[in-house]
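These notes are about the structure you will find just below.
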Amino acid sequence: MKEQALRTNIITDTLGLPVGKIIAVHLSYPSRAAQRGRTPAEASYFFKAPSSLSTGGNVERPSNAELLVFEAEIALVIGSAARNVTPDTAWNHVGWVTAANDMGILDLRAADKGSNVRSKSGDGMTPLGPTLIDARSIRPEALHVRATVDGQIVQDDSSSTLLFSFAHFIADLSRVMTLEAGDVILTGTPAGSSVLQPGQSVTVEVYSEDDPSLTSGPLTTQVVEAPALAPIGSAPVASEQQRIDAWGSREAAGLEPEFVLTDELRERLSKVAVATLSSQLRSRGYANASIDGVRPMVPGMKVIGPARTLRYVAHRPDLFKAKGGGFNAQKRAIDTVNEGEVLVMEARSFEFAGTLGDILALRARVRGAAGIITDGAVRDWAAVAEVGLPVMAQGPHPSVLGRVHVPWDTDITITCGGATVQVGDIIVGDDDGAVVIPPHLVVEVLEASEIQEKEETFIAQMVEEGHSVDGLYPMNATWRERYNEWCHN
(Lines give C-alpha, C1' and ligand atoms only; values in the text may rest on other atoms or scores of the structure.)
Protein backbone atom coordinates (compact mmCIF):
# COMPACT_ATOMS: atom_id res chain seq x y z
CA MET A 1 0.00 0.00 0.00
CA LYS A 2 2.91 2.37 0.63
CA GLU A 3 4.17 1.94 -2.93
CA GLN A 4 0.65 2.51 -4.26
CA ALA A 5 0.34 5.70 -2.21
CA LEU A 6 3.62 6.97 -3.64
CA ARG A 7 2.66 6.47 -7.28
CA THR A 8 -1.07 7.29 -7.13
CA ASN A 9 -2.55 10.77 -6.91
CA ILE A 10 -5.60 12.32 -8.47
CA ILE A 11 -3.74 15.19 -10.15
CA THR A 12 -1.37 13.03 -12.16
CA ASP A 13 -3.83 10.21 -12.80
CA THR A 14 -6.78 12.42 -13.83
CA LEU A 15 -5.16 15.54 -15.26
CA GLY A 16 -1.83 14.19 -16.42
CA LEU A 17 -0.10 17.03 -14.56
CA PRO A 18 3.06 16.58 -12.53
CA VAL A 19 2.51 17.56 -8.90
CA GLY A 20 4.76 20.44 -7.98
CA LYS A 21 4.42 22.22 -4.65
CA ILE A 22 2.05 21.32 -1.84
CA ILE A 23 1.54 24.44 0.29
CA ALA A 24 -0.47 24.18 3.49
CA VAL A 25 -2.01 27.02 5.50
CA HIS A 26 -1.54 27.01 9.27
CA LEU A 27 -4.63 28.76 10.73
CA SER A 28 -7.49 29.92 8.54
CA TYR A 29 -10.82 29.09 10.23
CA PRO A 30 -12.13 31.11 13.19
CA SER A 31 -13.31 27.91 14.87
CA ARG A 32 -9.78 26.48 14.79
CA ALA A 33 -8.23 29.79 15.87
CA ALA A 34 -10.58 29.92 18.87
CA GLN A 35 -9.64 26.35 19.76
CA ARG A 36 -5.94 27.23 19.61
CA GLY A 37 -6.44 30.47 21.53
CA ARG A 38 -4.83 32.71 18.92
CA THR A 39 -6.00 34.49 15.79
CA PRO A 40 -3.29 35.24 13.22
CA ALA A 41 -2.97 38.72 11.77
CA GLU A 42 -1.62 37.26 8.52
CA ALA A 43 -1.71 33.87 6.84
CA SER A 44 1.30 31.60 7.26
CA TYR A 45 2.28 28.47 5.38
CA PHE A 46 4.41 25.32 5.29
CA PHE A 47 5.36 22.80 2.59
CA LYS A 48 4.46 19.13 2.31
CA ALA A 49 6.33 16.68 0.13
CA PRO A 50 4.59 15.60 -3.13
CA SER A 51 5.46 12.01 -2.17
CA SER A 52 2.97 12.37 0.74
CA LEU A 53 0.05 12.39 -1.74
CA SER A 54 -2.33 9.46 -1.90
CA THR A 55 -5.89 8.74 -2.95
CA GLY A 56 -6.79 7.43 0.49
CA GLY A 57 -6.53 3.82 1.56
CA ASN A 58 -4.20 2.93 4.40
CA VAL A 59 -1.92 5.28 6.29
CA GLU A 60 0.65 3.93 8.72
CA ARG A 61 1.15 4.93 12.33
CA PRO A 62 4.52 3.73 13.68
CA SER A 63 4.20 1.74 16.90
CA ASN A 64 6.49 4.17 18.74
CA ALA A 65 4.26 7.17 17.93
CA GLU A 66 0.85 8.07 19.37
CA LEU A 67 -0.30 11.35 17.81
CA LEU A 68 -1.42 10.61 14.24
CA VAL A 69 -3.83 13.44 13.43
CA PHE A 70 -6.31 14.15 10.65
CA GLU A 71 -7.29 17.59 9.35
CA ALA A 72 -10.12 17.92 6.83
CA GLU A 73 -9.36 20.64 4.27
CA ILE A 74 -10.46 22.14 0.99
CA ALA A 75 -7.66 21.71 -1.56
CA LEU A 76 -7.12 24.12 -4.43
CA VAL A 77 -5.37 22.75 -7.50
CA ILE A 78 -3.70 25.43 -9.59
CA GLY A 79 -4.70 25.28 -13.25
CA SER A 80 -2.53 28.03 -14.75
CA ALA A 81 0.64 29.78 -13.65
CA ALA A 82 0.17 32.67 -11.22
CA ARG A 83 2.83 35.27 -10.43
CA ASN A 84 2.16 38.66 -8.83
CA VAL A 85 -1.59 38.30 -9.31
CA THR A 86 -4.14 40.41 -7.49
CA PRO A 87 -6.90 39.05 -5.26
CA ASP A 88 -9.42 40.16 -7.90
CA THR A 89 -7.91 37.84 -10.53
CA ALA A 90 -6.46 35.11 -8.30
CA TRP A 91 -9.39 32.69 -8.59
CA ASN A 92 -8.89 32.58 -12.38
CA HIS A 93 -5.73 30.55 -11.74
CA VAL A 94 -7.52 27.81 -9.78
CA GLY A 95 -8.44 24.90 -11.99
CA TRP A 96 -10.10 22.54 -9.53
CA VAL A 97 -11.03 22.02 -5.88
CA THR A 98 -11.28 18.77 -3.99
CA ALA A 99 -11.11 17.19 -0.55
CA ALA A 100 -7.83 16.82 1.31
CA ASN A 101 -6.70 15.37 4.60
CA ASP A 102 -3.63 17.10 6.02
CA MET A 103 -2.46 14.22 8.18
CA GLY A 104 0.63 14.13 10.34
CA ILE A 105 2.44 12.51 13.25
CA LEU A 106 2.78 15.27 15.82
CA ASP A 107 5.19 13.23 17.94
CA LEU A 108 7.79 14.35 15.37
CA ARG A 109 6.87 18.03 15.32
CA ALA A 110 9.29 19.22 18.01
CA ALA A 111 12.25 17.91 16.03
CA ASP A 112 11.05 19.71 12.89
CA LYS A 113 11.63 23.18 14.39
CA GLY A 114 8.49 24.44 12.68
CA SER A 115 9.18 23.00 9.23
CA ASN A 116 6.80 20.00 9.54
CA VAL A 117 9.17 18.01 7.29
CA ARG A 118 8.99 14.77 9.23
CA SER A 119 5.71 15.28 11.06
CA LYS A 120 3.61 16.10 8.00
CA SER A 121 5.37 14.71 4.91
CA GLY A 122 5.28 10.98 5.57
CA ASP A 123 4.12 8.64 2.83
CA GLY A 124 0.35 8.79 2.44
CA MET A 125 -0.05 11.77 4.80
CA THR A 126 -1.85 13.89 2.18
CA PRO A 127 -4.88 12.00 0.84
CA LEU A 128 -6.50 13.99 -1.97
CA GLY A 129 -9.68 13.44 -3.99
CA PRO A 130 -11.35 11.30 -5.11
CA THR A 131 -13.06 13.66 -7.60
CA LEU A 132 -11.94 17.05 -8.88
CA ILE A 133 -14.58 19.80 -8.95
CA ASP A 134 -14.20 22.37 -11.75
CA ALA A 135 -13.43 25.70 -10.09
CA ARG A 136 -15.58 27.53 -12.69
CA SER A 137 -18.67 25.67 -11.46
CA ILE A 138 -18.60 26.84 -7.85
CA ARG A 139 -18.41 29.98 -5.75
CA PRO A 140 -15.22 29.88 -3.64
CA GLU A 141 -17.02 31.34 -0.61
CA ALA A 142 -19.71 28.60 -0.75
CA LEU A 143 -17.76 25.38 -0.22
CA HIS A 144 -18.43 23.02 2.64
CA VAL A 145 -15.92 20.68 4.25
CA ARG A 146 -16.93 17.79 6.48
CA ALA A 147 -15.08 14.96 8.20
CA THR A 148 -16.36 11.83 9.88
CA VAL A 149 -14.45 9.37 12.03
CA ASP A 150 -15.94 5.89 12.07
CA GLY A 151 -19.15 7.42 10.72
CA GLN A 152 -19.48 10.23 13.29
CA ILE A 153 -19.28 13.86 12.12
CA VAL A 154 -16.32 15.57 13.80
CA GLN A 155 -15.61 18.55 11.50
CA ASP A 156 -18.21 20.61 9.68
CA ASP A 157 -17.53 24.12 8.39
CA SER A 158 -17.83 26.48 5.44
CA SER A 159 -15.37 28.51 3.38
CA SER A 160 -17.64 31.49 4.05
CA THR A 161 -16.14 31.68 7.55
CA LEU A 162 -12.47 31.82 6.51
CA LEU A 163 -10.22 34.41 8.12
CA PHE A 164 -8.49 34.84 4.74
CA SER A 165 -10.06 34.16 1.35
CA PHE A 166 -8.77 31.63 -1.15
CA ALA A 167 -7.90 34.56 -3.42
CA HIS A 168 -5.82 36.05 -0.60
CA PHE A 169 -3.72 32.89 -0.32
CA ILE A 170 -3.03 32.82 -4.06
CA ALA A 171 -2.21 36.53 -4.34
CA ASP A 172 -0.07 36.42 -1.20
CA LEU A 173 1.98 33.40 -2.31
CA SER A 174 2.32 34.62 -5.89
CA ARG A 175 4.20 37.70 -4.69
CA VAL A 176 7.22 35.54 -3.92
CA MET A 177 6.87 32.41 -6.05
CA THR A 178 5.26 31.24 -9.25
CA LEU A 179 2.32 28.99 -8.60
CA GLU A 180 2.30 26.43 -11.38
CA ALA A 181 -0.30 24.10 -12.85
CA GLY A 182 -0.48 21.05 -10.62
CA ASP A 183 0.49 22.89 -7.43
CA VAL A 184 -1.81 22.27 -4.47
CA ILE A 185 -2.85 24.67 -1.72
CA LEU A 186 -4.31 23.07 1.41
CA THR A 187 -6.42 25.88 2.82
CA GLY A 188 -6.49 25.01 6.52
CA THR A 189 -8.74 22.99 8.78
CA PRO A 190 -11.67 23.95 11.02
CA ALA A 191 -12.06 22.93 14.65
CA GLY A 192 -12.58 19.27 15.43
CA SER A 193 -9.44 17.58 14.15
CA SER A 194 -8.06 15.03 16.55
CA VAL A 195 -6.03 11.84 16.98
CA LEU A 196 -6.69 8.56 15.16
CA GLN A 197 -5.90 5.09 16.46
CA PRO A 198 -5.03 2.01 14.40
CA GLY A 199 -8.26 0.47 13.16
CA GLN A 200 -10.09 3.79 12.82
CA SER A 201 -11.07 5.40 9.52
CA VAL A 202 -11.61 9.02 8.60
CA THR A 203 -13.62 10.32 5.64
CA VAL A 204 -13.42 13.86 4.23
CA GLU A 205 -15.80 15.37 1.71
CA VAL A 206 -15.98 18.81 0.08
CA TYR A 207 -19.08 20.00 -1.77
CA SER A 208 -20.74 23.13 -3.13
CA GLU A 209 -23.28 24.66 -0.78
CA ASP A 210 -25.15 25.99 -3.82
CA ASP A 211 -25.31 22.57 -5.50
CA PRO A 212 -24.38 19.63 -3.24
CA SER A 213 -24.17 17.37 -6.28
CA LEU A 214 -20.88 19.14 -7.06
CA THR A 215 -18.81 17.09 -4.64
CA SER A 216 -15.39 15.61 -4.22
CA GLY A 217 -16.97 12.38 -3.09
CA PRO A 218 -15.87 10.61 0.10
CA LEU A 219 -12.10 10.47 0.69
CA THR A 220 -11.54 7.65 3.17
CA THR A 221 -8.33 6.69 4.94
CA GLN A 222 -7.79 3.84 7.39
CA VAL A 223 -5.09 3.84 10.06
CA VAL A 224 -2.93 0.75 10.35
CA GLU A 225 -0.17 0.06 12.85
CA ALA A 226 3.35 -0.13 11.43
CA PRO A 227 6.73 -1.08 12.88
CA ALA A 228 8.49 1.49 15.03
CA LEU A 229 10.53 4.19 13.33
CA ALA A 230 14.19 3.27 13.15
CA PRO A 231 16.33 4.70 15.98
CA ILE A 232 18.03 7.27 13.74
CA GLY A 233 17.83 10.98 14.43
CA SER A 234 15.18 12.46 16.73
CA ALA A 235 12.82 9.97 18.32
CA PRO A 236 9.07 10.63 18.53
CA VAL A 237 8.21 12.71 21.60
CA ALA A 238 4.66 13.40 22.75
CA SER A 239 4.92 16.45 25.02
CA GLU A 240 1.96 17.85 26.93
CA GLN A 241 1.54 20.69 24.43
CA GLN A 242 1.75 18.33 21.46
CA ARG A 243 -0.99 16.21 23.01
CA ILE A 244 -3.18 19.26 23.56
CA ASP A 245 -2.68 20.42 19.96
CA ALA A 246 -3.27 16.94 18.57
CA TRP A 247 -6.40 16.10 20.56
CA GLY A 248 -7.81 19.62 20.49
CA SER A 249 -7.97 20.30 24.24
CA ARG A 250 -6.45 19.31 27.56
CA GLU A 251 -9.54 17.37 28.49
CA ALA A 252 -9.66 15.40 25.22
CA ALA A 253 -5.97 14.56 25.70
CA GLY A 254 -6.73 13.14 29.16
CA LEU A 255 -4.76 15.86 30.96
CA GLU A 256 -5.71 17.66 34.14
CA PRO A 257 -7.70 20.85 33.43
CA GLU A 258 -5.63 24.02 33.40
CA PHE A 259 -5.73 25.91 36.70
CA VAL A 260 -8.26 28.74 36.83
CA LEU A 261 -8.16 31.42 39.51
CA THR A 262 -11.87 31.51 40.29
CA ASP A 263 -13.63 34.41 41.98
CA GLU A 264 -13.99 32.23 45.07
CA LEU A 265 -10.24 31.52 45.23
CA ARG A 266 -9.44 35.17 44.58
CA GLU A 267 -11.73 36.21 47.45
CA ARG A 268 -10.15 33.69 49.83
CA LEU A 269 -6.64 34.82 48.87
CA SER A 270 -7.63 38.41 49.62
CA LYS A 271 -8.34 37.41 53.23
CA VAL A 272 -4.97 35.84 54.06
CA ALA A 273 -1.72 37.73 54.60
CA VAL A 274 1.17 37.50 52.18
CA ALA A 275 3.37 36.77 55.20
CA THR A 276 1.31 33.64 55.87
CA LEU A 277 1.44 32.54 52.24
CA SER A 278 5.20 33.09 52.28
CA SER A 279 5.70 30.85 55.30
CA GLN A 280 3.59 28.10 53.75
CA LEU A 281 5.55 28.31 50.51
CA ARG A 282 8.82 28.18 52.42
CA SER A 283 7.72 25.07 54.29
CA ARG A 284 7.23 23.41 50.89
CA GLY A 285 10.73 24.28 49.71
CA TYR A 286 9.87 27.52 47.90
CA ALA A 287 12.22 29.77 49.86
CA ASN A 288 12.61 32.31 47.04
CA ALA A 289 8.94 32.96 46.33
CA SER A 290 9.00 36.57 47.58
CA ILE A 291 9.46 39.45 45.16
CA ASP A 292 12.02 41.41 47.14
CA GLY A 293 12.29 45.17 47.34
CA VAL A 294 8.76 46.12 46.24
CA ARG A 295 6.07 47.87 48.22
CA PRO A 296 2.56 49.07 47.36
CA MET A 297 2.29 52.66 46.18
CA VAL A 298 -0.97 53.02 48.09
CA PRO A 299 -0.97 51.18 51.45
CA GLY A 300 -3.81 48.75 51.92
CA MET A 301 -4.24 47.85 48.25
CA LYS A 302 -3.95 44.15 47.41
CA VAL A 303 -2.66 42.66 44.17
CA ILE A 304 -4.07 39.25 43.23
CA GLY A 305 -4.06 37.57 39.83
CA PRO A 306 -2.30 35.37 37.29
CA ALA A 307 0.96 36.78 35.98
CA ARG A 308 1.80 38.26 32.62
CA THR A 309 5.43 39.24 32.21
CA LEU A 310 7.67 41.94 30.72
CA ARG A 311 11.46 41.98 30.71
CA TYR A 312 13.79 44.96 30.35
CA VAL A 313 17.47 44.62 29.48
CA ALA A 314 20.29 47.07 30.15
CA HIS A 315 20.37 50.10 27.90
CA ARG A 316 22.47 50.02 24.74
CA PRO A 317 22.01 52.74 22.11
CA ASP A 318 21.72 50.44 19.10
CA LEU A 319 19.29 48.12 20.86
CA PHE A 320 17.17 50.97 22.15
CA LYS A 321 17.04 52.41 18.65
CA ALA A 322 15.85 49.04 17.31
CA LYS A 323 13.39 48.08 20.04
CA GLY A 324 12.81 51.05 22.34
CA GLY A 325 10.56 53.20 20.21
CA GLY A 326 7.09 52.84 18.77
CA PHE A 327 4.79 50.09 19.95
CA ASN A 328 7.56 48.49 21.98
CA ALA A 329 7.43 45.52 24.35
CA GLN A 330 6.41 47.73 27.29
CA LYS A 331 3.41 49.14 25.43
CA ARG A 332 2.48 45.75 23.99
CA ALA A 333 2.49 44.24 27.48
CA ILE A 334 0.26 46.99 28.82
CA ASP A 335 -2.04 46.85 25.81
CA THR A 336 -2.60 43.10 26.02
CA VAL A 337 -2.95 42.57 29.77
CA ASN A 338 -6.37 41.07 30.40
CA GLU A 339 -8.97 41.54 33.08
CA GLY A 340 -7.82 40.18 36.43
CA GLU A 341 -4.17 39.67 35.37
CA VAL A 342 -1.09 41.11 37.04
CA LEU A 343 1.71 42.46 34.85
CA VAL A 344 5.08 41.67 36.44
CA MET A 345 8.15 43.55 35.19
CA GLU A 346 11.77 42.46 35.44
CA ALA A 347 13.79 45.66 35.64
CA ARG A 348 16.96 44.12 37.09
CA SER A 349 16.02 45.51 40.57
CA PHE A 350 17.29 48.88 39.39
CA GLU A 351 15.59 51.55 41.50
CA PHE A 352 16.85 54.62 39.63
CA ALA A 353 14.84 54.39 36.40
CA GLY A 354 11.14 54.61 35.68
CA THR A 355 9.42 51.56 34.21
CA LEU A 356 5.82 52.81 34.39
CA GLY A 357 4.04 56.14 34.12
CA ASP A 358 0.52 57.42 34.57
CA ILE A 359 -0.68 56.98 30.95
CA LEU A 360 0.29 53.32 30.79
CA ALA A 361 -1.06 52.71 34.30
CA LEU A 362 -4.37 54.20 33.16
CA ARG A 363 -4.39 51.95 30.08
CA ALA A 364 -3.81 48.88 32.27
CA ARG A 365 -6.61 49.90 34.62
CA VAL A 366 -9.02 50.46 31.72
CA ARG A 367 -8.20 46.96 30.44
CA GLY A 368 -9.14 45.56 33.85
CA ALA A 369 -5.68 44.58 35.09
CA ALA A 370 -5.51 43.46 38.72
CA GLY A 371 -2.22 45.31 39.22
CA ILE A 372 1.37 45.90 38.14
CA ILE A 373 4.53 44.89 39.97
CA THR A 374 7.95 46.15 38.95
CA ASP A 375 11.28 45.64 40.70
CA GLY A 376 12.25 49.00 39.22
CA ALA A 377 10.88 52.48 39.82
CA VAL A 378 7.73 54.36 38.83
CA ARG A 379 7.69 57.85 37.41
CA ASP A 380 4.71 60.21 37.84
CA TRP A 381 4.38 58.56 41.27
CA ALA A 382 1.53 60.71 42.58
CA ALA A 383 -0.36 60.57 39.28
CA VAL A 384 -0.02 56.78 39.06
CA ALA A 385 -1.28 56.48 42.65
CA GLU A 386 -4.38 58.45 41.68
CA VAL A 387 -5.18 56.10 38.77
CA GLY A 388 -6.59 53.55 41.20
CA LEU A 389 -4.61 50.59 39.91
CA PRO A 390 -2.73 48.56 42.54
CA VAL A 391 0.98 49.05 41.78
CA MET A 392 4.01 47.76 43.66
CA ALA A 393 7.50 49.11 42.99
CA GLN A 394 10.80 49.98 44.66
CA GLY A 395 9.96 53.66 44.72
CA PRO A 396 9.67 56.79 42.59
CA HIS A 397 12.11 58.08 40.01
CA PRO A 398 11.58 60.85 37.41
CA SER A 399 13.60 59.31 34.54
CA VAL A 400 12.10 58.28 31.23
CA LEU A 401 12.37 54.75 29.85
CA GLY A 402 15.54 55.04 27.78
CA ARG A 403 17.92 56.03 30.56
CA VAL A 404 19.00 52.55 31.64
CA HIS A 405 16.45 50.13 30.17
CA VAL A 406 15.39 48.66 26.84
CA PRO A 407 11.94 47.02 26.83
CA TRP A 408 12.81 43.63 25.40
CA ASP A 409 10.28 40.83 25.57
CA THR A 410 6.87 39.82 26.89
CA ASP A 411 5.24 36.68 28.27
CA ILE A 412 8.45 34.82 29.01
CA THR A 413 9.89 33.46 32.26
CA ILE A 414 11.49 36.35 34.17
CA THR A 415 13.18 37.10 37.50
CA CYS A 416 11.53 39.94 39.41
CA GLY A 417 12.98 40.96 42.75
CA GLY A 418 14.88 37.68 42.97
CA ALA A 419 11.81 35.50 42.32
CA THR A 420 11.21 33.49 39.17
CA VAL A 421 7.86 34.36 37.58
CA GLN A 422 6.22 32.41 34.77
CA VAL A 423 3.12 33.38 32.83
CA GLY A 424 0.14 32.01 34.76
CA ASP A 425 1.83 31.96 38.17
CA ILE A 426 -0.46 33.43 40.81
CA ILE A 427 0.73 36.72 42.30
CA VAL A 428 -0.46 37.96 45.69
CA GLY A 429 0.75 41.25 47.12
CA ASP A 430 -0.06 43.38 50.16
CA ASP A 431 1.70 45.83 52.48
CA ASP A 432 4.26 43.15 53.44
CA GLY A 433 5.33 42.53 49.83
CA ALA A 434 4.45 40.06 47.08
CA VAL A 435 4.79 36.31 46.55
CA VAL A 436 4.68 34.05 43.52
CA ILE A 437 2.62 30.85 43.86
CA PRO A 438 2.92 28.09 41.23
CA PRO A 439 -0.64 27.31 40.04
CA HIS A 440 -0.52 23.67 41.14
CA LEU A 441 0.16 24.80 44.74
CA VAL A 442 -2.46 27.52 45.07
CA VAL A 443 -5.25 25.49 46.68
CA GLU A 444 -2.87 23.58 48.96
CA VAL A 445 -1.04 26.71 50.13
CA LEU A 446 -4.26 28.68 50.53
CA GLU A 447 -5.94 26.01 52.65
CA ALA A 448 -2.86 25.67 54.85
CA SER A 449 -2.65 29.47 55.22
CA GLU A 450 -6.28 29.67 56.28
CA ILE A 451 -5.65 27.02 58.94
CA GLN A 452 -2.48 28.81 60.09
CA GLU A 453 -4.25 32.15 60.42
CA LYS A 454 -7.09 30.58 62.36
CA GLU A 455 -4.57 29.05 64.76
CA GLU A 456 -2.77 32.38 65.07
CA THR A 457 -6.05 34.10 65.85
CA PHE A 458 -6.50 31.71 68.77
CA ILE A 459 -2.89 32.19 69.92
CA ALA A 460 -3.23 35.98 69.79
CA GLN A 461 -6.41 35.78 71.84
CA MET A 462 -4.67 33.63 74.46
CA VAL A 463 -1.70 36.02 74.62
CA GLU A 464 -4.14 38.92 74.97
CA GLU A 465 -5.63 37.09 77.97
CA GLY A 466 -2.20 36.99 79.60
CA HIS A 467 -0.85 33.52 78.70
CA SER A 468 2.85 32.95 78.05
CA VAL A 469 3.94 32.01 74.54
CA ASP A 470 5.90 29.08 76.00
CA GLY A 471 4.14 25.96 74.70
CA LEU A 472 1.50 28.14 73.06
CA TYR A 473 3.47 29.43 70.09
CA PRO A 474 3.85 26.92 68.54
CA MET A 475 1.14 24.94 70.30
CA ASN A 476 2.05 21.87 72.32
CA ALA A 477 -0.38 18.98 72.83
CA THR A 478 -2.17 20.68 75.75
CA TRP A 479 -2.71 23.90 73.88
CA ARG A 480 -3.69 21.97 70.74
CA GLU A 481 -6.50 20.31 72.69
CA ARG A 482 -7.68 23.68 73.97
CA TYR A 483 -7.54 25.05 70.43
CA ASN A 484 -9.72 22.20 69.14
CA GLU A 485 -12.26 22.97 71.84
CA TRP A 486 -12.13 26.66 70.91
CA CYS A 487 -12.81 25.79 67.26
CA HIS A 488 -15.99 23.94 68.20
CA ASN A 489 -17.37 26.71 70.38
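Quick notes on this structure:
- Charge sum, other residues only, whose C-beta stays under 9 Å from Gly357's C-beta, Lys/Arg counted +1 and Asp/Glu -1: -1
- Summed side-chain charge close to Val184 - residues other than Val184 whose Cβ falls under 12 Å, Lys, Arg +1, Asp, Glu -1: -2
- Projected-area mean, the range 10-253, by convex hull of Cα positions, square nanometres: 12.4 nm²
- Expected 222 nm ellipticity per residue - DSSP helices of 4 or more, -39500 (n - 2.57), all of the chain, to 500: -7000 deg cm²/dmol
- Rounded to 0.05, the FRET efficiency of the Thr12 and Gln241 pair, given R0 = 51 Å and the Cβ-Cβ distance, is 0.85.
- Share of pairwise Cα separations in the range 114-255, more than 19 Å, in percent: 63 percent
- Each residue of the range 205-217 was assigned a 3J(HN,Hα) from its phi angle through the Karplus expression (A = 6.51, B = -1.76, C = 1.60, θ = phi - 60°), giving 9, 10, 8, 6, 6, 6, 9, x, 6, 7, 9, 6, x Hz with x at Gly and Pro.
- Note on Asn64 and Ile232: the model spin-label points, each 7 Å out from Cα along the C-beta direction, lie 1.3 nm apart.
- The range 263-444: relative contact order as a whole-number percent, Cα under 8 Å and 6+ apart: 34 percent
- Remark: spin-label model distance Lys271-Thr420 equals 3.3 nm, labels positioned 7 Å along the Cα→Cβ axis.
- Residues with amide H under 5 Å from that of Gly104, placed H, sequence gap 5 or more: Val69
- At an R0 of 45 angstrom, the distance between the Cβ atoms of His488 and Ser399 translates into a FRET efficiency of 0.15.
- In the chain, taking the dipole from charged Cβ atoms about the Cα centre, the farthest positive-side position among Val59, Pro130, Ile78 is held by Ile78.
- Dipole check for the range 10-253: with +1 at the C-beta of Lys and Arg, -1 at the C-beta of Asp and Glu, and the Cα centre as origin, the magnitude is about 600 Debye.
- In this structure the amide hydrogen of Leu143, modeled in the peptide plane, comes within under 5 Å of the amide hydrogens of Ser159, Ser160, Glu209, none closer than 5 places in sequence on its chain.
- Across the range 104-119, the residues whose backbone nitrogen lies under 15 Å from the label position 7 Å along the beta-carbon direction of Met177 are 115-117.
- Between the residues Gln35, Thr215, Val237, the greatest Cα displacement towards the positive end of the dipole of the range 10-253, with unit charges on the Cβ of Lys, Arg, Asp and Glu, is found for Val237.
- The chain, relative contact order in percent, only Cα pairs under 8 angstrom and at least six apart counted: 14 percent
- Solvent exposure of Tyr286, expressed as accessible area, is near 90 Å², computed with a probe of 1.4 Å over the protein chains only.
- Close Lys-Lys pairs in the range 263-444, where close means Cα under 24 Å and separation is 8 or more or interchain: 4
- Net charge dipole size for the chain [Lys, Arg +1 and Asp, Glu -1 on Cβ; Debye, nearest 20]: 1640 debye
- For the range 307-406, a Kirkwood radius taken over Cα pairs fed into Stokes-Einstein (20 °C, viscosity 1.002 mPa s) yields D = 162 µm²/s.
- q = 0.16 Å⁻¹, the range 386-448: log10 I(q)/I(0) [Debye, one scatterer per Cα]: -0.75
- Exposed loop sites were defined as GluC sites (Glu not before Pro) in DSSP loop states (anything but H, G, I, E or B) carrying at most 12 other C-beta atoms within 10 Å; in the chain the longest segment without such a site runs 43-250.
- Computed E for Glu256/Ala142 - FRET, C-beta separation, R0 41 angstrom, nearest 0.05: 0.45
- The chain: antiparallel DSSP beta bridges as a percent of all, rounded to 5: 70 percent
- Where the Cα pairs of the chain fall when distances are cut into 10 Å bins, in %: 4, 16, 20, 17, 17, 14, 8, 3, 1, 0
- Degrees, to the nearest 10: 477-488 long Cα axis against longest axis of the chain: 70 degrees
- Distance (nanometres) between label positions extended 7 Å along Cα→Cβ at Glu225 and Asp470: 7.2 nm
- Under 5 Å, built H, 5+ apart or other chain: amide partners of Ala226: Arg61, Ser63
- Counting charges near Arg109 (Lys, Arg +1; Asp, Glu -1) among other residues having Cβ under 12 Å from its Cβ returns a value of +1.
- Longest DSSP-loop-exposure-free segment, trypsin sites (Lys or Arg not before Pro), the chain, at most 11 other Cβ within 10 Å: 272-489
The values are calculated or read from the model by the stated rules, or taken from the named source; none is laboratory data. Computed from a predicted model, the values in this text were never measured in an experiment. Virtual Cβ from ideal backbone geometry, glycine too; neighbours counted across all protein chains shown. The accessibility values were calculated without ligands, DNA or RNA, using every heavy atom of the protein model including side chains. Shrake-Rupley method; radii C 1.70, N 1.55, O 1.52, S 1.80 Å.
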